[in-house]
Each structure stands twice: as structure tokens, then as C-alpha cells.
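Colleague: Questions regarding the structure given below will be posed in turn.
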Amino acid sequence: MLAKINSYALNGLDGYGVTVEVDIHMGLPSIDVVGLPDTAIKESRERVRSAIKNSGYDFSPRKITVNLAPAHTKKEGPIFDLAIALGMLVSTEQAGIDERKTPLKSVNDYVFLGELSLSGEVARVNGVMPMLIAAREQGVKKIVIPKANINEAKYIRDIEIYAVESLRDAVALIDGATRTPIDCCDVVLGGEASGGEDLKYVKGQYAAKRALEIAAAGGHNIIMIGSPGGGKTMLAKCLPTILPDMTEAEALETTKIHSVAGILDESCGIVTTRPFRSPHHTTSRVALTGGGPSAKPGEISYSHNGVLFLDELPEYPRSVLEILRQPLEDGVVTVSRAARSVEYPANFMLVASMNPCPCGYYGSATHQCTCSPSQIQKYMSRISGPLLDRIDLHIDVDEVHYDDLTKESNTESSADVRARVNAARAVQTARYAGTNVHSNAKMTSEMIKKYCVLDAAGERILQAAFDKLGMSARAYTRILKVARTIADLDGKTDITSAHVAEAVMYRSLDKAVK
Amino acid sequence: MVLSDLYLWLSYSHIPTRKINMLLEKMSPSQLWDSFDDDEIKYSLDDKTFGLLKRTRNKEYIDRAKYYLESNNIKYVTRADPIYPSALAQKEVDPPPVLYYKGDLSILMQPCLAVVGTRKASQYGRYVTSRTVEELASAFTIVSGLATGIDGYAHRAALAAGGKTVAVLGSGLFHASPTSNLALFDEICQNGLALSEYTPDTHATEYTFPQRNRIISGLCSGVLVVEASYKSGSLITANCALDQGRDVFAVPGDIDKIRSQGTNNLIKHGAIAVTCADDIFDYYSVKNKKEQPKTVALDFAEQSVLDALNGGEKSFDALVDVCGMTVPELNTALSALLIYGLVHEKSKNLYTVS
Ligand SMILES: Nc1ncnc2c1ncn2[C@@H]1O[C@H](COP(=O)(O)OP(=O)(O)OP(=O)(O)O)[C@@H](O)[C@H]1O
Ligand SMILES: [Mg+2]
Ligand SMILES: [Zn+2]
């Protein structure tokens, strides 16, 4: 008898329904899986066989064909295990039938997701959150997931979600046992990110701290330049503690990616604080940007709606830096696999640090630089102009004097800064409501025209800055966006000349390059 | 053969200028050309020099060279020409037989001042160069060597102030370097003067740069060294200046910085210390034609930052503590002062009044 069980698969973050068809016929015992399965699916024959036996069902040798429809898309992972096992049980009339051995229609009301262990337990799978969202959008009413995935599933409303622990559980469900769907709960956002350091432990560095505050408030890309030991890495590590709270939409977007990638915190099930990713410069290109045989997302997508911190920027391979240009511009990254390409969101705030020269001490007040001018130039040119063009804030971070380091001063804590950042971000969220822009940094040129109007005094000071400080034209929109954020932090609707003047301070590379 | 063609012959023979001038002490160029086949001359020259001269002693060859220069828009002036810079025609300078140039030679008629220094300039050196040269350029033609660092800043500041500037190359005009200054080179060819004693196709070597330094100092009445370490090439220029009887000026620097050791040492040995353009104007009794900047009305915050800096240079953090302002307030005030040009960043994160 032919059995059909519904399951679900992902292409990037988009889900689509897969029908698992199982047929039993005469012939030499074998199990064939067709419909472009990958190796993990082919291996599921063995898992399914053991799981069925160990759950106490009959698994006498037969000739079995499993088809994953639609047959033209490549399918991967162990996520179809449960559906295949159920298919086999239904087609051998061990489940999903009534007393008169006619198949129950209710079987096809459900979509099944889950990996099986040899003992018949249903194990956790990746990508449940995006599949639930996609399934809901496509009108699926009931979906069965592994109990281990319950934490990420509970935030999805308007779809009945059933959590099962074992194959027997699932069989009971389709045989008509009454079960209640899992309880939904609200997304609770905010709270301090774990792992960040508090700004109050950073002595001095007032200008740098202020720049970080502006960057966090407006989501601006920022680069810190300075000699070794100046505190660049330390400052960046403080950033998680001052990032603004996520909106619910942002949290779900980021969770979808983490869910697919399998890096979601199981106990929590949702990303509620902005991710802060700091991949090392030796990290492979695929790990950074995504890819591989199954076109998985990479670090730059993990940092979606959060921070991507690239410490020692010039050490990263040039090819990686070039790839960053697309996500910095469009907020998405295209990951290619054999036959087609998948897009993942990658709307991150880039935080980078670098030394000013190979030895690190060019321009330092305390050390002598030993590099030749051509070495310095070569070092700087490792970072291409187009990449620098997309960085709004440049700051010099120089060593703090020993006296200041040991001085007891009452500096602000991260919580104080975060309160201001949150207020400024709330203004932006309200301003950009109904668009897919969340922060000042991502303003379109149309929005810049509308929201970054300068008064005469502001125009004058910007003009003077260009003449006097030799700034390049590309700095223009960057300064406007930053001035907008400074005004938001200041709680002002209009950008004043004071805001513009401050924004001009954060273009040190523009002044240096000339 | 006209005399200028004979000088061109000497230049194209690629014999070191020093040797040419030694020869010319004994005989005129025409004597050398005419009696070249005499044994007397042959025995008075070493083989290499003789070979080089003989190879190029060919009227056709020289005509071809002239045609090549003309078709490539390279102008030249020989010692036979009345417009040859008189300052160079001095034994101590070791005047080259020919100067190849692009641009306007007449700007050498104005009083000339060389401004040189390290290629690895600090922000201090950069600022001092720009500020001083902007004023000096109102009365002097600024001569330098097109290198990165101080040289480049000097050229740029002179151009920005609408003044005249001369780049003396250590290579032929077709091989100007460094690449980062090529745009500057083009601008100098348009609005100033680029010159070289080397034929246009000559590549620079480690010997050509020290050689051309004598021309930089030779063209000028004085040499201003802004920043130099002990081994800096700009000290060679200063030495040439002393040998040629030119004045040497130096900007004093931090005694702990390697980049200042050369300049401070010059001052110790008698160079004239320069802390502003007026020092040089006064020395030459020339008038500073640059008008003083207009006064700007400062608001309270700006004024208090300026007052704090009048008490000595300060870092950003120190200013926050001294002025008692919030960081955004200070950023705004400081930015305005920087834009007005009343304050500048002396080195990274260290601010001082202009
Ligand atoms: N302003 C400061 N307040 C407190 N501690 C500081 C400060 N600046 C530096 N430090 C100390 O110095 C150490 C070195 O700083 P950090 O590693 O951040 O420097 P860096 O700029 O990243 O250097 P590199 O270029 O070598 O990576 C920090 O771990 C910290 O303990
Ligand atoms: Mg570091
Ligand atoms: Zn260095």
C-alpha cells in the first residue's frame, strides 16, 4: 500500500512542503530513497530501520521505495527520518488505520519534522523556526516537531504545534490520541547581553566611548585605528552591553538564521539580544560568508541585526573583505551552491579595528614607527576604498596615559549609555515604521533628503569642514547620517550645527588619506 | 655646432656632472668637440668617459635627441642659454650642463626657498609644513623634492596658497616617483615647475637622489628643514646648502623624537631656528603678504576650550576633565575650532592652539 506523509524542507530561509511517499512492493528486500537526497538522508534508512524495530514494530525485509516529492529539489539532513518511518508504518498497516484497516484521513492533516535515534526517540533538528513561519504562511494548520525544539517553537502563534518525544508518540498522535498543542508565549526582549564588558572599566577614552555610543544608537559601521595595546579590542568587547534592545521582528529574523545554522541556544530558543560575532581572521571564507555543499549561512549572517567585529581588519584575506561589500550595501549575502544560489539576510553593524601601520606605532606619541612610507601605504591599501566608503565613523584610539589608567574617576556604566541608546533607537524605529529600514545607518538617499535637513549654520560648518579639513565628497552622506543619530541622542527633531560639527570629528581617515 | 647642442651632447653622454665640470675647467665644449680625435684628449680621459663621449659625439644623434624632447613636450635649458638659472652657475653647485623641465621656468626669478624633511612625517611635521609654507608661498617660490612626507606637504601647501612651487626630481621626467605623488607631479607641471638634470628616460638610483639635493639647495637662497632624523636625506640638502653658502633654517622639535634629532642638531650647529614664517620673512627683510585670518566670534564653549589650550597642548580626555563639559559638547566646540583653524591636532589625539 502507498503511504503519503507530509514534511517540510528549507531552501535558504524559505520553506516548502515535501511529501514523503513510501511504497512497498514485491521483490528482493531493499530500501531505496529517491528524490535528490543527500548522504544524511540515505543514511536515514539505517536509522529508520533500527528506530522502527526498537519501538516494537515489525520490520520484516521487504522491497521499499521512498520518494521525496518534489523530486527536483535537493534535500538534505536527517529531518525526514520521522516522516519516512511513519510512512513505512502506514504502508505496512501498522499505524494510521482504523479497525477496518482503512487509512485514516487525519494522517495528512499533519506535517512531521524530526530526526530519529536508533532507539526510536525523536531528536532535535535545525531550522525549525523558519520552517514553522514558512509553513504557517503557506496555510499549514498542524505541525509535529521534536520535543527538543519546543523552546524555539513556542514563539510561533496561529499554528498548532505538537511536540513528540518518540516514534511511538507520533504514531499515537496519528492514530487519533488526543493531544494538546504546545503553549505559546510572548517574546521577552531586552536584558543585558551576556559576555560583554562594562564600559565603566575603560579608563579615559572619552572620545572613543562617545563614538561607540553613536555607532550603537544609529547602527553605524565604525573603525578604530590605533597602536597596539591602545584598547581597541577592549572597547569593542564593551559594545554588546550598550547595543539597543531588539524589536520582535528583528529577534525573529535573527533567530531564523541561528536556527538554520544550528547555533541557537536550546534553553532559550530565541535570540533576544543582538548577536556579537567576532570571527578570527584565520576563519575560512565559507565559515565567514556562508556556503559549503548545503549552502549554510556564515558568520556574517549570524550577526544579522547585531555586530560583526573584525579585529585587525587588514589581516583578513582580501577576498573576504571584498565579499563584505554586498551585505554592507544591501543587507543580504548571496551564498552559491552547485546549481543555484541562496540569499541570507546579513544586516549587521561592522566594527573593525586596525593598526595604522605594520609595526603598529605610526603616529604614536610614545613609540617610534619603524616602517617605510611605502610599507605604510601598502598596509593601508589592503583595505579597499569601497569598503572604507561604507564605514561611517573613523576614530583614533590611542594609548591612555599611565596616570589616567590608575586614576579613580567616576565613569559612566554601560547601563547609563544603553538607556540613551535605547531612547535614540526608539525615535528611529518610530520614524522608519512601515519600511524595512531600522536605523539611521541604513537610510536610503530619499530618507536622507527628508530627515537630514541642515539649517544655514549647519550647511556653513559642513562647507567649512570640507574646505578646511580637506574631506572627500564621499564623506558627505556619512556625516549627514551620523549627525542625524547625534541629534536623535540629543532628543532633537532638527539637526543643528552643533550636531554637524560633532559628526565631522569622526572622519579621521578622510583627513589622513587626502 | 651651436653651444647649446654641445651641452646637450655632454648631458646625453651620461657622464657624471662632476666629471663634465672638471673637463670644462680645462677646455670649452667646442674645443672638446672639435679636437676630440686628438691624442692629447684621448690620453687625458679615462676609458669609460672617452667611450661615452665618443658614442654620443654625433650630430645626428643630438638632433634626434632634440626632436625626441620636442615631440614629448620636454623643454630644456643649457648653460649656454641666458635663462639658465644663475643661482646654479656656481662652482660649488656643480651645475649640470642641461636642465630638463616641464612648466614655467620664470618662477625661479622670484626668491626661492627650499622646504624639505623626512618622508615619514609626523602630524606635527605635516601641520608645521602646511602652516608655514602657506605663508611663505606669498613671497617665495617653494622648492622641494616631490618625496612623500614633508616634501609633498610643502608642494601642496604652496599650490593651495596660490603660490609657486618647483619639484626637483632624482630621476628623468618620465619616471617621476613615488606613485602616490603622481597627481601632484602633474599639477606641479601645470602650475609650477618640475625639473631634472637627468635625461627624461633616466631611472632613479640610490645615487641620483642625494645628487639632486644639491640642485634643490642651489636654486634657493635658503633651505628650511622641517623634520629630519639623524640619517635623513634632507640633511644632505642642508649640507649642500652650507657648502654653497646658502642659509639653513630648521624647525625645532621634541627632543625625545627620532624625527626631530636631525633638525635639533642642525640648530645646535648654527642653523637658524624657525618657529613661524615671519622668522624667515624677517631674516630676508621680505614682507609677509598673507593677510591675517579674520577674527571669528566664538561661543562660550569654544572660548573655554581655546583658553584651556592656551595653557598648553592637551589630549581629548584631558580637555574633558579641564573644561568640565560633556563629551558631545566638547566634540562640537573642538570641531568648530578645528574648522576655524584656531586649533589643530598636533599629533594623534593631542590638540594645541595654532
Ligand atoms: N582605557 C583603558 N582602560 C583600562 N584598561 C585599558 C585601557 N586601555 C588599555 N587597557 C588594557 O590594555 C589591554 C590591551 O588592550 P587591547 O587588547 O584592547 O588593545 P588593542 O588596541 O586591541 O591592541 P592590539 O592592536 O595589539 O590588538 C587591555 O586588556 C586592558 O586591560
Ligand atoms: Mg586588539
Ligand atoms: Zn610602523
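Colleague: Take the range A:199-436, compute every pairwise Cα distance, and split them into 10 Å bins from 0; I just need the percent in each bin.
Modeller: Once binned at 10 Å, the Cα pair distances of the range A:199-436 give 7, 29, 34, 21, 7, 1, 0.
Colleague: Related question: So, in nm, how far is label B:D243 from label A:T411 when the simple model puts each one 7 Å beyond its Cα toward the Cβ?
Modeller: Label-label distance for B:D243 and A:T411, simple model: 5.5 nm.
Colleague: Which parts of the range B:311-341, residue by residue, lose 20 Å² or more of accessible area when the rest of the protein chains are there, as against the chain isolated (1.4 Å probe)?
Modeller: Buried by the other chains: B:F316, B:D317, B:D321, B:V327, B:P328, B:N331, B:T332, B:S335, B:L338, B:I339.
Colleague: Moving on. Hey, what did the range A:446-514 get for relative contact order, percent, Cα under 8 Å, at least 6 apart?
Modeller: 45
Colleague: Along its principal axes, what span do the Cα atoms of the range B:237-354 show, with the longest given first and each in whole Å?
Modeller: Result for the range B:237-354: principal-axis Cα extents of 56, 35, 19 Å.
Colleague: For the range A:158-237 and the range A:269-289, compute the distance between their C-alpha centroids and round to whole Å.
Modeller: The two parts, judged by their Cα centres, are 12 Å apart.
Colleague: Say R0 is 45 Å: what FRET efficiency, to the nearest 0.05, do B:E313 and B:M22 get from their beta-carbon distance? Present the calculation step by step, with values, prior to reporting the outcome.
Modeller: Values: r = 53 Å, r/R0 = 1.17.
Approximately 0.30, to the nearest 0.05.
Colleague: Take chain B, connect every pair of alpha-carbon atoms lying under 10 Å apart with a spring to form a Gaussian network, then pick out the residue of B:D94, B:D307, B:D247 with the largest mean-square fluctuation.
Modeller: Most flexible of the set in this elastic network: B:D307.
Colleague: Out of all DSSP beta bridges in the range A:302-456, what portion is antiparallel? Express it as a percent rounded to 5.
Modeller: Around 55 percent antiparallel, to the nearest 5.
Colleague: Picking from B:G218, B:I20, B:V305, whose Cα lies most toward the positive end of the charge dipole for chain B (charges on Cβ: Lys, Arg +1; Asp, Glu -1)?
Modeller: Going by the Cα projections, it comes out as B:I20.
Colleague: Using the Kirkwood radius over Cα pairs, work out the Stokes-Einstein diffusion coefficient for chain A at 4 °C and 1.567 mPa s, in µm²/s as a whole number. If you can, show how the numbers build up before the last one.
Modeller: Numbers: Rh = 25.6 Å.
Answer from the Stokes-Einstein relation: 51 µm²/s.
Colleague: Which residues, if any, in the range A:365-381 lose at least 30 square angstrom of accessible heavy-atom surface (probe 1.4 Å) when the other protein chains sit next to their chain rather than the chain being alone?
Modeller: For the range A:365-381, once contacts with the other chains are taken into account, A:A365, A:Q368, A:P373, A:Q377 lose 30 Å² or more.
Colleague: Which percent of the accessible area of the range B:300-353 is formed by carbon and sulfur heavy atoms (probe 1.4 angstrom)?
Modeller: Ligands and nucleic acids excluded, carbon and sulfur give 56 percent.
Colleague: Let me have the relative contact order for the range A:199-436, percent, based on Cα pairs under 8 Å that are six or more residues apart.
Modeller: Relative contact order, the range A:199-436: 31 percent.
Colleague: Taking only DSSP H segments of four or more residues, each worth -39500 (n - 2.57), what value at 222 nm results for chain B once the sum is divided by all its residues, to the nearest 500 deg cm²/dmol?
Modeller: Result for chain B, helices only: -14000 deg cm²/dmol.
Colleague: Could you give the distance between the Cα centres of the range B:41-101 and the range A:1-41, to the whole Å?
Modeller: The two parts, judged by their Cα centres, are 88 Å apart.
Colleague: Sticking with this structure for a sec: Considering only DSSP states other than H, G, I, E and B, which chymotrypsin sites (Phe, Trp or Tyr not before Pro) in the range B:34-105 qualify as loop sites with at most 15 other Cβ atoms within 10 Å?
Modeller: Details: sites: B:F36, B:Y43, B:F50, B:Y61, B:Y67, B:Y68, B:Y76, B:Y100, B:Y101; in loops: B:F36.
In loop regions of the range B:34-105 (DSSP not H, G, I, E or B), the sparsely surrounded chymotrypsin sites (Phe, Trp or Tyr not before Pro) are B:F36.
Colleague: Sticking with this structure for a sec: Could you give the nm distance between label points at B:K91 and B:T205, where each point is 7 Å from its Cα heading toward the beta carbon?
Modeller: Reported label-point gap for B:K91 and B:T205 is 2.8 nm.
Colleague: What whole-number volume per residue, in cubic angstrom, does the convex hull of the C-alpha atoms of the range A:114-188 give?
Modeller: Convex hull of Cα atoms, per residue: 85 Å³.
Colleague: Something else: Could you state the angle between the C-alpha long axis of helix B:150-160 and the longest principal axis of the C-alpha atoms of chain B, as a value from 0 to 90 degrees rounded to the nearest 10?
Modeller: 80
Colleague: Does the range A:350-475 come out rounded, prolate or oblate by the C-alpha gyration tensor, with a ≥ b ≥ c the root eigenvalues, rounded set by a/c under 1.5 and, if not, prolate when a/b is larger than b/c and oblate if not? All intermediate terms of the calculation are to be shown ahead of the outcome.
Modeller: Details: a/c = 1.98, a/b = 1.35, b/c = 1.46.
Note, shape of the range A:350-475 comes out oblate.
Colleague: Between A:D175 and A:T247, what is the label-point separation in nm under the 7 Å Cα-to-beta-carbon projection?
Modeller: 4.9
Colleague: Which of the GluC sites (Glu not before Pro) found in the range A:18-110 are in a DSSP loop and have at most 10 neighbouring Cβ atoms, other than their own, within 10 Å?
Modeller: A:E99
Colleague: Please report how far the C-alpha centroid of the range B:1-26 lies from that of the range A:56-93, rounded to the nearest whole angstrom.
Modeller: Between the Cα centres of the range B:1-26 and the range A:56-93 lies a distance of 96 Å.
Colleague: For Cα pairs less than 8 Å apart in space and 6+ apart in sequence, what is the mean separation divided by the residue count of chain A, i.e. the relative contact order in percent?
Modeller: 13
Colleague: Explain nothing, just the number: dipole magnitude of the protein assembly as shown about its Cα centre with +1 on each Lys and Arg Cβ and -1 on each Asp and Glu Cβ, in debye rounded to the nearest 20. The partial results should precede the final answer.
Modeller: Numbers: 93 positive and 103 negative charges, 265 e Å.
Dipole magnitude for the protein assembly as shown comes out near 1280 debye.
Colleague: What is the helix-to-structure angle for B:208-219, meaning the angle in degrees between its Cα long axis and the longest Cα principal axis of chain B, kept from 0 to 90 and rounded to the nearest 10?
Modeller: Orientation of helix B:208-219: about 80 degrees from the principal axis.
Colleague: Report P(r) for the protein assembly as shown: all Cα-Cα distances, bin width 10 Å, range 0 to the bin holding the largest distance, values in whole percent.
Modeller: The percentages, shortest bin first, are 2, 11, 16, 16, 14, 12, 10, 8, 6, 4, 2, 1, 0, 0.
Colleague: Then there is this: In the protein assembly as shown, what % of DSSP beta bridges are antiparallel (nearest 5)?
Modeller: 45
Colleague: Report, by chain and number, residues whose modeled amide H sits under 5 Å from the one on A:V333, excluding near sequence neighbours (fewer than 5 apart, same chain).
Modeller: Amide H neighbours of A:V333, under 5 Å, 5+ apart: A:Y344, A:A346.
Colleague: Of all the accessible heavy-atom surface of the range B:128-278, with the other protein chains kept in place and a 1.4 Å probe, what percent is carbon and sulfur?
Modeller: Roughly 52 percent, rounded to a whole number.
Colleague: While we're here: Take the solvent-accessible surface of the protein heavy atoms, probe 1.4 Å, and return the percent of it on the range A:443-514 that carbon and sulfur atoms account for. Please list the in-between numbers first.
Modeller: Details: 1760 of 3300 Å².
The C+S portion of the solvent-accessible surface of the range A:443-514 is 53 percent.
Colleague: Could you give the length gained by full extension between A:L189 and A:A287, i.e. 0.36 nm per residue of separation minus their alpha carbon distance, to one decimal place?
Modeller: Here the segment from A:L189 to A:A287 would lengthen by 32.5 nm.
Colleague: I've got another one for you. Relative to the longest principal axis of chain B, what angle (0 to 90°, nearest 10) does the C-alpha long axis of helix B:182-191 take?
Modeller: Helix B:182-191 sits roughly 80 degrees off the main axis of chain B.
Colleague: Which trypsin sites (Lys or Arg not before Pro) does the range A:319-359 hold that lie in a coil by DSSP with at most 14 other beta carbons within 10 Å?
Modeller: Within the range A:319-359, the qualifying trypsin sites (Lys or Arg not before Pro) (loop, at most 14 other Cβ atoms within 10 Å) are A:R340.
Colleague: Any number yet on Rg/Rh for chain B, C-alpha, Kirkwood?
Modeller: 1.08
Colleague: Using a Cα-Cα cut-off of under 24 Å, which lysines could be cross-linked to B:K314, ignoring same-chain neighbours fewer than 8 residues away?
Modeller: Straight-line reach from B:K314, under 24 Å: A:K200, A:K203, A:K209, A:K232, A:K407, A:K468, A:K511, B:K120, B:K257, B:K346, B:K348.
Colleague: Under a 1.4 Å probe, what is the accessible area of chain B per residue, stated in Å²?
Modeller: 45
Colleague: Then there is this: Restricting the count to DSSP beta bridges whose residues both fall in chain A, what percent are antiparallel, rounded to a multiple of 5?
Modeller: So the antiparallel bridges in chain A amount to around 45 percent.
Colleague: For a label point 7 angstrom out from the Cα of A:K101 toward its Cβ, which stretches of the range A:22-42 have the backbone nitrogen within less than 20 Å?
Modeller: Within reach of a label on A:K101, which here means backbone N under 20 Å from a point 7 Å along Cα→Cβ, the range A:22-42 contributes A:22-27.
Colleague: Nearest 100 Å² is fine: what is the total accessible surface buried where chains B and A meet, probe 1.4 Å?
Modeller: Chains B and A together bury approximately 2700 Å².
The values are calculated or read from the model by the stated rules, or taken from the named source; none is laboratory data. Small disclaimer: the values here were computed from a predicted structure and weren't measured. A quick note on method: Cβ atoms are made from the backbone with ideal geometry, for glycine too, and the neighbour counts reach across all protein chains shown. Surface areas here come from the heavy atoms of the whole protein model, side chains and all, with no ligands, DNA or RNA. Shrake-Rupley method; radii C 1.70, N 1.55, O 1.52, S 1.80 Å.
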